[in-house]
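The values are calculated or read from the model by the stated rules, or taken from the named source; none is laboratory data. Because the structure is predicted, anything quoted here is derived from the model rather than measured. Cβ sites come from the backbone with ideal geometry, for glycine too, and all protein chains shown count toward neighbours. Ligands, DNA and RNA are excluded from the accessible area calculation, which covers all protein heavy atoms including side chains. Shrake-Rupley method; radii C 1.70, N 1.55, O 1.52, S 1.80 Å.
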Amino acid sequence: MIYLKTDEEIELMRVANQLVGKTLGELAKHVAPGVTTLQLDKIAEEFIRDNGATPAFLGYGGFPNSICASVNDHVVHGIPSSKVVLRDGDIISIDCGTHINGFTGDSAYTFCVGEVSPEVRHLLKTTKESLYKGIEAAVDGKRVGDIANAIQTYCETRNYSVVRELVGHGCGRNMHEEPEVPNYGRRGCGPLLRSGMCICIEPMINLGSKNVVFENDGWTVRTKDRKPSAHFEHCIAIRPDGPDILSSFKFIEEVLGDNAI
């Protein structure tokens, strides 16, 4: 069932999602060579709790940490570890969620660690741009397939591949609600977009093949060809006058300045 939110509920979701943005902004200060993904996880958990919320990912389905930290060829759901040390030239996708006032925030950003190759940086830039192409298509009266096709077309015409096994989703009181929001599909297909729907749009785009492998830890998903993957996510509300982005990359951009994607 798809739950439509009231204006008041959407504003509560905005609070949760803005806190995710602030948490990612705090993490942006610490993403650097020599830092472990577990250190980033601890920073995120402390920041979220200090702001009166709880980490939405911690314990969700048995997930052991507060953020997903996916490095290089890891697409999503990377488990933070003291053994994973960031190196110059890496990329890291950090997916983060908060729960506050009964509602959930969810957003993700892929960071560069030090100096990243132009080829990989362009992958990140294209993936982020495709997110906004998808958001532009998230209009009352259109369908989920219009979002999916906008993302797929933008990325595939630039010779990148779209992961099929992982999709965006509805969001609200629960982190994952209906409908699913794929990053590939046909225009005019799928569930109808209606004012009051809150969805997370999150393109997961690979430099090489679209094929992925699910690791034995039960969480981590990586590219089969071991080439890099990028991931950006916003939570939005469908409104009568157009899409309303509830999450934010502003706090990341304030930290990174010209180095932001």
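What to note about this one:
- Pairs, first of a type in the set (A, V, I, L, M, F, W, C) and at pLDDT 95 or above in segment 1-21, second crowded, with 20+ Cβ neighbours inside 10 Å and assigned to a helix (DSSP H, G or I), C-beta under 8 Å, six or more apart: Leu19/Ile48
- Positions within segment 4-37 being hydrophobic (A, V, I, L, M, F, W, C), open to solvent by less than 50 Å² (accessible area, probe 1.4 Å) and in a helix (DSSP H, G or I), in sequence order: Ile10, Met13, Ala16, Leu19, Val20, Leu24, Leu27, Ala28
- Some residue of segment 43-54 being crowded, with 24+ Cβ neighbours inside 10 Å, modelled with pLDDT of 95 or more and part of a strand (DSSP E or B): no
- Residue selected from segment 237-261 under the condition in a strand (DSSP E or B) and touching a helix residue (DSSP H, G or I) at 6+ places or on another chain (Cβ under 6 Å), by the criterion surrounded by the most Cβ atoms within 10 Å (Cβ to Cβ): Ala237
- Scanning segment 4-45 for residues that are farther than 19 Å from Ala56 by Cα, touching a Gly at 6+ places or on another chain (Cβ under 9 Å) and not polar (S, T, N, Q) yields Leu4, Lys5, Asp7, Ala32, Pro33.
- Selection of segment 168-186 for residues being in a loop (DSSP other than H, G, I, E, B), open to solvent by 40 Å² or more (accessible area, probe 1.4 Å) and within 22 Å of Lys128 (Cβ to Cβ) yields only Tyr184.
- Every listed requirement among (1) closer than 22 Å to Arg121 by Cα; (2) surrounded by 15 or more Cβ atoms within 10 Å (Cβ to Cβ); (3) among the basic types (Lys, Arg) is met by Lys224 save one, (2).
- Residue in segment 140-149 that is open to solvent by less than 10 Å² (accessible area, probe 1.4 Å), of a type in the set (Gly, Ala, Ser) and part of a strand (DSSP E or B) present: no
- Selection of first residues in segment 150-167 that are basic (Lys, Arg) and of second residues that are assigned to a loop (DSSP other than H, G, I, E, B) and surrounded by fewer than 15 Cβ atoms within 10 Å (Cβ to Cβ), restricted to Cβ pairs under 9 Å at least 6 apart or on distinct chains, gives the following pairs, ordered by first then second residue: Arg164/Asn211.
- Among the residues of segment 99-113, those identified as over 13 Å from Ala230 (Cα atoms) and open to solvent by 10 Å² or more (accessible area, probe 1.4 Å) are His99, Ile100, Asn101, Gly102.
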